[in-house]
């Protein structure tokens, strides 16, 4: 994976992790439900951002490499992996 996409994903995941810890403290402290839900949505957004960066990096590196090999089996494997992850992401 290229450094730029990896860095974007890493930053988003670190922010999500930090915010999730804040949310846990909010729940423990009986914070107002809407406040907790808003922070929860922020974590979801960060995780989606990380996912997109990871997918971009995968497409730009691993998939390009597989396509360049000329192997029909490798190409089909990459397609199946991407479809599997896309289906999981849409749940």
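The values are calculated or read from the model by the stated rules, or taken from the named source; none is laboratory data. Everything quoted here is computed from the prediction, not taken from an experiment. No Cβ is skipped: glycine too gets one built from the backbone with ideal geometry, and neighbour counts run over all protein chains shown.
If you go through the range 23-37 and keep only what is in a helix (DSSP H, G or I) and either at pLDDT below 95 or surrounded by 14 or more Cβ atoms within 10 Å (Cβ to Cβ) (or both), you end up with 23, 26, 36.
Here the range 59-78 is the region considered, the condition is being under 18 Å from residue 5 (Cα atoms) and touching a helix residue (DSSP H, G or I) at 6+ places or on another chain (Cβ under 8 Å), and the residue that is surrounded by the most Cβ atoms within 10 Å (Cβ to Cβ) is 63.
Yes/no per residue for (1) assigned to a helix (DSSP H, G or I); (2) surrounded by fewer than 11 Cβ atoms within 10 Å (Cβ to Cβ); (3) in contact (Cβ under 8 Å) with a residue 24 or more places away in the chain:
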{"residue": "39", "(1), (2), (3)": "yes, no, no"}
{"residue": "45", "(1), (2), (3)": "yes, no, no"}
{"residue": "49", "(1), (2), (3)": "yes, no, yes"}
{"residue": "80", "(1), (2), (3)": "yes, yes, no"}
{"residue": "84", "(1), (2), (3)": "yes, yes, no"}
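Would you confirm, using the coordinates I've provided, whether residue 54 is within 24 Å of residue 5 (Cβ to Cβ) and in contact (Cβ under 8 Å) with a residue 24 or more places away in the chain? Yes.
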